[in-house]
Every structure is written in structure tokens, then in C-alpha cells.
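Some notes on the structure that comes next.
The values are calculated or read from the model by the stated rules, or taken from the named source; none is laboratory data. Just so you know, these numbers come straight off a predicted model, no measurement behind them. Counting neighbours? That spans all protein chains shown, and the Cβs are built from the backbone with ideal geometry, glycine included.
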Amino acid sequence: MFGGELEYIEGNGYFIQFKQQKTKGVEMMPISEQAYSLLGEPKEPTDKVFEGLTYSAYENKHLYQWIGAAGITKDITFHCFRHTFATLQLSKGTDIYTVSKMLGHRELKTTQIYAKIIDQTKREAADKIKLDM
């Protein structure tokens, strides 16, 4: 067991406990062994994982620096990361109910927006195969 938001539960793995910004509900999000290994050494419960990083939907210099260092020129926000996470989960076969809960959505219809993107991707993939006739 670790202090702060990170917890190990025997037989179930690692979890991050956090409070949803919109609903104020406390959630437990499972994280993979790989994600845990990327966190580095456990720190004090009051220490931040990414020191100096604060959320801003409009401007976050650290986010823009990381994106620039990666050679990405597209305008990307934190919300884009949530969008990518949801889309990847659905495309890898995670059911929409589970994705909805992982995103903290109260309504399944909110998550269905991401499913429509997957449907469009499937359509584009199907249309790529053309027979010469």
C-alpha cells in the first residue's frame, strides 16, 4: 500500500484514487503495471507526480513544450488526451460501459460520441478495399 492517491490492492493491482472535477465524486481508476513503472519511485503523499503542472483548458506551457518536443504541430489540449484514451479503448474492444465509467461519465450517451468515431473509422477501413471489375 502506498500513501496518497496511488494504491496497490493484492490480487487486483494498482489504482489511482481521485476526485472527479465536475461531479466531485471519488473514483478508483485501475492502472496497468506498465503505467505504474513509468511513475518512478514513490514520493511523499503530498508531492505531485508532475511538479509545476497545473490544468488549464486554454493554456499550459508545459503541455505545449512536451508536444513541441515531440515534433507535433497540431493544437492539443488535455481534453484531447481523454478523447484519445476513450477512442483507443473502444477500438481495442473495451465495452462502452467500461469506457464510460473510466471517463467518469454519468450518462452512457456522453460516451457514445466516441463510439461514433470508431464507427466512422470502421467505415473508412471497409471502403479502402476495392476490387478491379
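Is it fair to say SER32 is loosely packed, with under 11 Cβ neighbours inside 10 Å and on the phi < 0 side of the Ramachandran plot? Taking the combined requirement at face value, the residue satisfies it.
Right, THR98: touching a Ser or Thr at 6+ places or on another chain (Cβ under 7 Å), modelled with pLDDT of 85 or more and not in a loop (DSSP other than H, G, I, E, B) or not? No.
Any idea which of GLU41, GLU33 is without any contact (Cβ under 8 Å) to a residue 24 or more places away in the chain and farther than 22 Å from HIS62 by Cβ?
Working: GLU41 fails: farther than 22 Å from HIS62 by Cβ.
That would be GLU33, the only listed residue that is without any contact (Cβ under 8 Å) to a residue 24 or more places away in the chain and farther than 22 Å from HIS62 by Cβ.
Is one or more of the residues making up the stretch 64-83 exposed (fewer than 13 other Cβ atoms within 10 Å of the Cβ), of a type in the set (Asp, Glu), at pLDDT below 85 and more than 13 Å from the chain's Cα centre (by Cα)? Within the stretch 64-83, one or more residues are exposed (fewer than 13 other Cβ atoms within 10 Å of the Cβ), of a type in the set (Asp, Glu), at pLDDT below 85 and more than 13 Å from the chain's Cα centre (by Cα).
Residue under question is GLY104, and the condition is that it be more than 13 Å from the chain's Cα centre (by Cα) and of a type outside the set (A, V, I, L, M, F, W, C); does it hold? No, not satisfied. When the residues of the stretch 92-129 are filtered to those that are small (Gly, Ala, Ser) and farther than 23 Å from PHE15 by Cα, the one that is surrounded by the most Cβ atoms within 10 Å (Cβ to Cβ) is ALA115.
Could you tell me whether THR121 is in contact with a helix residue (DSSP H, G or I) (Cβ under 8 Å, 6 or more places away or on another chain), of a type in the set (Val, Ile, Thr), over 24 Å from LYS24 (Cβ atoms) and part of a helix (DSSP H, G or I)? Yes.
Of everything in the stretch 4-18 that's part of a strand (DSSP E or B) and loosely packed, with under 15 Cβ neighbours inside 10 Å, which residue is modelled with the lowest pLDDT? Even if it seems obvious, please write down each step before you answer.
Step one: of the stretch 4-18, the residues part of a strand (DSSP E or B) are 6-9, 13-18.
Now narrow it down to the ones that are loosely packed, with under 15 Cβ neighbours inside 10 Å: 8-9, 13, 17-18.
Working: TYR8: 86, ILE9: 87, GLY13: 89, GLN17: 81, PHE18: 77.
The extreme case among them is PHE18.
Would you be able to say whether some residue in the stretch 37-50 is outside any loop (DSSP other than H, G, I, E, B) and at pLDDT 75 or above? Checked against the condition, which is being outside any loop (DSSP other than H, G, I, E, B) and at pLDDT 75 or above, the stretch 37-50 yields at least one hit.
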